[in-house]
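Read through the structure below, which is laid out as structure tokens, and then see the notes.
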Amino acid sequence: MTSPNSGNPDDKLIRADRRGRLLVPAEQRAAILKAFDESSLSAIAFCRQHGLSYSTFATWIQKRRREQAPGSGDPAVPHPAFAEVVIDEGKAIPKTIPPLRVILRSGVSFEVVSADQVPLAAGLIQSIASLRSC
């Protein structure tokens, strides 16, 4: 079903199927996705820079999200990337709140320890979301 491009059967870096599509091993896909996570590029810019098909790359990202998601046994249950938080302007927000820990997909995390930091955290999350879209 697959045949290596080179004559060496131990060469697992590049393989092609019958239709000529390149097959990338899981280890190499993981390395590419890690490089994307560490870059500040959008998915489209990253694909252009590395000569990847955007649709294939997006499929890799979706597959990784499904595999890493808690309870990933049920693909019908969506896992939101962001959750909207609405603060009712009519109600007083206490000045001290229990710390809220925010962990982003890239592994970056921060804590909101007072009500005064909520707008700053919301702005930070919005800025990060606008930088990278996939």
Open item on the list: Among the residues of region 106-115, are any modelled with pLDDT under 80, in a helix (DSSP H, G or I) and more than 14 Å from the chain's Cα centre (by Cα)?
Closed with: yes
Task: Qualifying position, being surrounded by fewer than 12 Cβ atoms within 10 Å (Cβ to Cβ) and at pLDDT 75 or above, among Ser55, Ser130 - done: Ser55
Open item on the list: Return the residues of region 46-72 that are under 22 Å from Val108 (Cα atoms) and in a helix (DSSP H, G or I); say none if nothing qualifies.
Closed with: Phe46, Ala58, Trp60, Ile61, Gln62, Lys63, Arg64, Arg65, Arg66, Glu67, Gln68
Task: Criterion violated by Ala45 - all others in (1) farther than 19 Å from Ile128 by Cβ; (2) modelled with pLDDT of 85 or more satisfied - done: (1)
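The values are calculated or read from the model by the stated rules, or taken from the named source; none is laboratory data. Note that the coordinates shown come from a computational prediction; the quantities given were computed from them, not determined experimentally. Cβ sites come from the backbone with ideal geometry, for glycine too, and all protein chains shown count toward neighbours.
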